[in-house]
Amino acid sequence: MRRRARPDAPDGRVRLVYQRFRRAAGWLSARVLARWRRSLQLRVVTSALLASSVMTVALGLFVVHRVTDGLVVAEKEQALEQLASGVTYLGDELSSIKGQDDPELDSVLRQAARNLSDRGSRATDFAVAVLPTGNRRLSPKYVPRYSPDDVRPPAQLTGLIATGEQRGYQFTRTSLDDRPARPFLVVGAPVDTQAGRFDLYYFVPLDDQVATVSLVQNSLTAIGALLLLLLAAIAGIVARQVVTPVRVAARTAERLSAGLLEERMVVRGEDELARLAHSFNQMAANLQRQIVQLENLSRLQQRFTSDVSHELRTPLTTVRMAADVIHAASDTFPPALARSTELLSNEVDRFESLLNDLLEISRYDAGAAVLDPEDTDVRTIVTRTVDGLAQLAERTGSELEVVLPDEPVVAEVDPRRVERILRNLVGNAIEHGEGRPVKITLASDADALAITVRDYGVGLRPGEAQAVFDRFWRADPSRARQTGGTGLGLSISREDARLHDGWLQVWGWPALGAQFRLTLPLRRGERLAAAPLPLAPADAGSRYPRAIEAAPRALPAGAAHPALTPGPADAAGTEEEQDA
Amino acid sequence: MWGMRARVLVVDDDPALAEMLGIVLRGEGFAPSFVADGEAALTVFRETRPDLVLLDLMLPGMSGLDVCRAVRAESGVPIVMLTAKSDTVDVVLGLESGADDYVVKPFKPKELVARVRARLRRGEEAPPETLTIGPPQAQVQIDVPGHSVTRDGSPIALTPLEFDLLVALARKPRQVFTREVLLEQVWGYRHAADTRLVNVHVQRLRAKVERDPEHPEVVLTVRGVGYKAGTG
């Protein structure tokens, strides 16, 4: 059985707290990191602060070191000088003593030590110790004013003196009474007399020096902290001076790109920032000019299109009607005249569809095409299109097979454009279907609908899948055209699909036929992720290479992935990875 | 025989097209009259009292849309506009100005004649029938043979087309009509894709029969399908 930590168990609670802490820490560090990444000012201030604090600390340490050194050296010199005179004095005092056993020795030593202690001008805590070496009849330490037990020269120093060194010093921490230990400078020297050898030690308190050093330290710390604050503030101000215009520039650029073309930066002064603002404004002005120019061009183009449309259509209508009236009476004409009338009528038709397609394409090129979406059951569009093309299919002998879902497929589409796409696709399929059936399938999922139009005609040669959407492209220039399309149909269809944020794609393989697939989002403004129907038809079997990875060698030379045309944008790949 | 012929007023500034229209219309048994100027159109309309107006939207003087509004202001006569623009905005603008239907240039003579006939062929032998449509608080009464529509006794002026649309919905209060079915029943088209015709006319109808056109009670929208009559 696995044991699970419960929140009420002590370790569980700890873990819970830890987890919460970790989460909070993670959140905080993420926030800080994000701020760090986003704010140039923060980075500048932080770097300046870091650099200057290193500098300040180094400088402070150096100053403190120098001050301490200077103070200690002076104190040491003074203490040693005093010691030297003490040694002379003690030597003089003891010169009258003739031997170790002189009974005067003890009192002389005592007096001399007191005198030495009094001579030290230091008021407090100054201690003198005289240590007779090797004379057992004397007390081991002569220490005026203090208890001899408290005044202990450091062992290292006594060792040094014992080895015959003429003088020595040592810094130590000690206490001469019950007070806590404090720093002292202890100096010591031997005094050789006829009465034997005596070691003289001075205990010099370093309170003043310590006080001075700590004062210096404190002042330096305070000054350093103040300096750092000041530097941070300066860095902040400087960074702000640079960053603020950059921020303003960024905001202005955002507003510009959002379409507020009048947006400009304020130019102040003549410095680099002013130059930035100036260049920025110049750029904005150029952009604006270009955009306005393009807009004007587009408007002109729209105007022109509209005018041409009207001016051409009115006479064309007259010609059209005249041709029809003549054609209606052609039964009574001689054969040549009757045929001419027929040609006239047909070519007027063709001229008209060409004119319509050209105007539509130019509308797309001018960016003037607008979607007119409404909620529509796409099944009705499919049915209507197929009904409308039934006659044509009958003529070529193709059977139109329609597969529709039982439920309505309601989508926010422009029904006229979708019908135009379908009419194009089904019309093409009939024209190229060689009299074989044409299958139209509609399916939908939660986000998208797809319509496939499958024919079993000559299919597409490798590389042609890309080209079918090109303007005026013909499947086979040598083949006689039957229905006389304008060559613009699929280009327009693709634009129509694109206007819906949809895909229009084709699969095809020689002798296996072709399948077009139209994929549209059910709701406006949504991006397509996948299509409810596969692009390659299931009934094509495996006689064509499904993907380059699967059968690279089966492909003709030079063909990368011939059958599958990716989405309306020019992404490549198999159907699973299309991206419009 | 002359008296039986339907009179069609052609308002078009292009002489060649007007003449051609005349030839076609005469050939189909109509009695066309012509006016080339928007300003003069209204005067000629009043003089000739046509059964139908064929109106080119691009006219010198007064714009086609203004003529359309002026004619509609004083008569429910069917108006079919001729337009070179198939853009939605233009078509919708024309329909909102009061046109019943439109034909986009270049059109085939047959297409034009079919539309003209559809507008002229109206329920000549309507049986005596009174319909109601809408929920009780907003109910509208329709006297079919009398071609009148009233709410709370006060008459509502509808054009013949709006009347037909309302009658079609009222006759089958439980049925949801797709735009295509309405196009076929009211306009007389088969396989016509232009649902804008229906949309605009439903808007126009609502503006007249609804208490609050923003919240329709008489003519209801069925999302993704079409329209149906509002019932109690």
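Quick notes on this structure:
- Rounded to the nearest 0.05, the FRET efficiency derived from the C-beta distance between A:His278 and A:Ala222 at R0 = 51 Å is 0.65.
- Ranking of A:Leu522, B:Leu205 by count of other Cβ atoms within 10 Å, fewest first: A:Leu522, B:Leu205
- Residues of type lysines that A:Lys98 reaches as a straight line, Cα spacing below 25 Å, ignoring anything fewer than 8 places off in the same chain: A:Lys141
- Neighbour-count ranking [beta-carbon atoms within 10 angstrom, fewest first] of B:Leu169, A:Leu61: A:Leu61, B:Leu169
- Spin-label model distance (nm) - B:Arg121 vs A:His65, 7 Å beyond Cα toward Cβ: 11.2 nm
- In this structure, A:Leu28 and A:Asp349 have a Cβ-Cβ separation that, at R0 = 60 Å, corresponds to a calculated FRET efficiency of about 0.20.
- Only DSSP H runs of four or more residues enter the estimate; each adds -39500 (n - 2.57), and after division by the residues of chain A the mean residue ellipticity at 222 nm equals -18000 deg cm²/dmol.
- Difference of contour (0.36 nm per residue) and Cα-Cα distance, A:Arg38 to A:Val17: 4.5 nm
- Annotation: amide H of B:Val10 within the under-5 Å range of B:Ser33, B:Phe34, B:Val35, B:Leu54, sequence separation 5 or more or interchain, hydrogens built in the peptide plane.
- Residue-wise HN-Hα couplings along segment A:153-166, as the Karplus relation 6.51 cos²θ - 1.76 cosθ + 1.60 with θ = phi - 60° gives them from phi, are x, x, 4, 4, 6, 4, x, 4, 5, 4, 7, x, 4, 6 Hz; Gly and Pro carry x.
- Karplus 3J(HN,Hα) series, Hz, for segment A:189-205 with 6.51 cos²θ - 1.76 cosθ + 1.60 (x for Gly, Pro): 8, x, 10, 9, 10, 5, 7, x, 9, 10, 9, 9, 10, 10, 9, 9, x
- Ranked list, fewest to most other Cβ atoms within 10 Å of each Cβ, for A:Trp36, A:Trp509, A:Trp473, A:Trp503: A:Trp36, A:Trp473, A:Trp509, A:Trp503
- Distance between the pseudo-spin-label points of B:His215 and B:Ala114 (7 Å out from Cα toward the beta carbon): 4.3 nm.
- Full extension of the chain between B:Thr132 and B:His147 gives 4.1 nm of extra length, using 0.36 nm per residue less the Cα-Cα distance.
- In summary, the lysines within cross-link reach of B:Lys105, defined as a Cα separation below 20 angstrom excluding same-chain residues under 8 places away, comprise B:Lys85.
- Value at 222 nm in deg cm²/dmol, rounded to 500, when DSSP H runs of n ≥ 4 in chain B each add -39,500 (n - 2.57): -11500 deg cm²/dmol
- Efficiency of FRET between A:Ala511 and A:Val403 - r from beta-carbon atoms, R0 22 angstrom, step 0.05: 0.40
- Under-5 Å amide H pairs with B:Tyr189, H placed in peptide plane, nonlocal only: B:Glu184
- Total formal charge among the other residues, if their Cβ is under 14 angstrom from that of A:Ala285, Lys/Arg +1 and Asp/Glu -1: 0
- Stretchable slack from A:Arg264 to A:Trp473, in nm (0.36 nm times residue separation minus alpha-carbon distance): 70.5 nm
- Working note: Karplus 6.51/-1.76/1.60 with θ = phi - 60° gives segment A:168-181 the couplings x, 9, 7, 8, 8, 10, 7, 9, 8, 9, 7, 6, x, 4 Hz, where Gly and Pro are set to x.
- Alpha-carbon centroids, segment A:81-118 and segment A:385-419: separation in whole Å: 131 Å
- Distant-in-sequence amide H partners of A:Gly459 (H built 1.01 Å from N, under 5 Å): A:Ala511, A:Gly513, A:Ala514
- Of all DSSP beta bridges confined to segment A:311-465, the antiparallel ones make up roughly 75%.
- Spin-label model distance (nm) - B:Arg49 vs A:Gln241, 7 Å beyond Cα toward Cβ: 9.0 nm
- The separation of segment A:207-227 from segment B:1-66, counted between C-alpha centres, amounts to 107 Å.
- Cleavage-rule hits, GluC sites (Glu not before Pro), segment A:236-334, DSSP coil, Cβ neighbours within 10 Å at most 16: A:Glu262, A:Glu270
Where a number appears in this text, it was derived from the coordinates with a stated rule and is not lab data. Model, not experiment: these values are computed from the prediction. Heads up, the Cβs are rebuilt from the backbone with ideal geometry, glycines too, and the neighbour counts pull from every protein chain shown.
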